Amino acid sequence: MLLARVIGTVVASAKSERVDGLKMLIIQPLDLDGAPSGGYIVAFDAVGAGAGEVVLYASGSSARQTPATDGRPADATIFAIVDTWDVGGEVKYDKHDEDMA
């Protein structure tokens, strides 16, 4: 599992019927300090995440292990919305502290 921030959405009117009903979000991976790291990823949303939120996502075969994506062609799935994280006792992110978000 990896940390990322939701930065946008994807709408595709022509797509496989196997992914009908799944929301697609653009996410950007984050390092442990909350800084962007790496390129952008389109991920299915299994938890109702929204723009600006920090999330945990899984990729590869693990992306198909949620009830929403079971048996579907998913390569990245958001499975949690992060409230807070700390590293070595130092809070790096707190959803409710706008100065840190």
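Every read-out reported here was derived from the displayed coordinates using simple, explicitly stated rules and does not represent laboratory data. Predicted model, so just to flag it, every value in this text is computed and none were measured.
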Based on alpha-carbon atoms only, what is the radius of gyration of the stretch 2-94 relative to the globular estimate 2.2 N^0.38 Å?
1.10
Can you give the relative contact order of the stretch 2-94 as a percent, counting alpha carbon pairs under 8 Å and 6+ residues apart?
27 percent
